[in-house]
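Values in this text are rule-based calculations from the coordinates and carry no lab data. Here the structure is a predicted model, which is why all the values come from computation and not from measurement. All Cβ positions, even for glycine, are placed from backbone atoms using ideal geometry, and neighbour counts span all protein chains on display.
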Amino acid sequence: MTVLDTLRARRTELRSAADNILTTASKAERDLTGDEARQHAEALDELRQVSDEIEQRLADEVADLRATQARVPAVDVPDSPVLTREQKVVDHLRHSGAIQTTDRPVSFGRYLRGLVTGDWTGAEQERALSEGTLTAGGHTVPTPVAAQVIDLARNQARVFQAGALTVPMTSQTLKVPRLTSEGAPVWHAENAVVTDQDLAFDAVTFTARTLVRKAIMSVELFEDSAPMDDVIERSFAAQLALEFDRVALRGTGTAPEPRGVLNTSGVTLTAHGANGTGITNSTAYDWHLDARGVVAGNNFNPSAHIQAPRTSASLRKLRSAASSEYLVPPADMLPTLATKQVPTNLTVGTSSDCSEVYTGDFSQLMVGIRTDFRLEFLRERYLADNLQYAFLAYLRADVQLAQPTAFVVDTGVRA
């Protein structure tokens, strides 16, 4: 048993001890005795300390994991049509021979600055990559640079943090097989005919759809601010991450937008009242636990909840009616990931402040991404008016669910 397991077991014991003291007094219809009040306070105090230590150890483990990943230059990427969260697009392309290993990481910011200003000082590697990329239709961003921006976006998107898979696309459409029926084994009598129990497959088809972003920066910023290289790259990645989250969760499926979890047939939708319902002390984490149970009941392994920051804050503020202490989440609560791409102004009946909670086995969510993207410069208009550089950057992507029954969406959440 690990230290974390021991701490979690102790947390459960303390929670039960504190609850039993209150339950005993409540059944006897009396107030707590002096000894009971002292024991209850001591249990809650130790419970807080244990909970804090668990959180700190988890944070330390995450920090160690990130540090380890930062030290490892590449992840072994198998010959597979999909990439897990730990596997990078850069590594996939390097494994396939599409790009070569280099000692120095490429930079989208250095590439842009050199391309726009013609000053490639400190960006000789990017200059070599850019040769031959200018066409009548704009610039094709070199594959290593594009892959790095895509990986940064994947690192920041909640759906990928929850376990969504990446499907690198090298053409407009791509079919990925999926299992639709496993059959079942049967006991066989001697000399009897063997009953067929075939596995059944079909395929999901990714169709690359175009995602566009326009960026405008001053000439002075491009020419004078070399330290901005990383900022430009991360800004692009952050915007892509937000849109990946939105469309993967709530995409309408009406062209040109991909279809997300919410609007996919077969996903379980759980409504909470004609006008929505708030999370209260009595319900607390029940909705999350129920959704997890539905996913597990469909033979999938739920990996996370994704919800609005408001919902996460509401859960953290729940207090015990008896002691006014903050409620402690169940020991086996799934990770909760917050993103502002889950709205809090949805209309349900007479309420216009509703939200949603997404629960699922996110390894069944696949995001297809073309491993290149393009730039179109808009020189004349912005240079003439405001002495600015402007460009359109666009890539192509799609979203598919391998198994819709691996997901539950709670709607009408007024918290």
Once both label points are put 7 Å beyond Cα along the C-beta direction, the Leu221-Arg30 separation in nm becomes 7.1 nm
Taking θ as phi - 60°, what are the ³J(HN,Hα) couplings along the range 210-219 by the Karplus curve (6.51, -1.76, 1.60), each to the nearest whole Hz, with x for Gly and Pro? 8, 10, 10, 9, 9, 10, 10, 9, 6, 4
Using a 10 Å cut-off around each Cβ, can you sort Tyr382, Tyr358, Tyr389 from fewest to most neighbouring Cβ atoms? Tyr382, Tyr389, Tyr358
Between Val167 and residues 5 or more places away or on another chain, which pairs have amide H atoms under 5 Å apart, with H built 1.01 Å from N, and which residues are they? Leu83, Val367, Gly368, Ile369
Under 5 Å between amide H atoms, partner at least 5 residues away or on a different chain: which partners does Leu327 have, H built in plane at 1.01 Å? Leu318, Arg319, Ser320
Residues with amide H under 5 Å of Lys88's amide H, sequence separation 5 or more or different chain, H placed in the peptide plane at 1.01 Å from N; which? Val75
Return a whole-number percent for the relative contact order of the range 286-415, with Cα pairs under 8 Å and 6 or more residues apart as the contact set. 30 percent
Evaluate E = 1/(1 + (r/R0)^6) for Leu378 and Glu53, where r is the Cβ-Cβ distance and R0 equals 56 Å; express this FRET efficiency to the nearest 0.05. 0.55
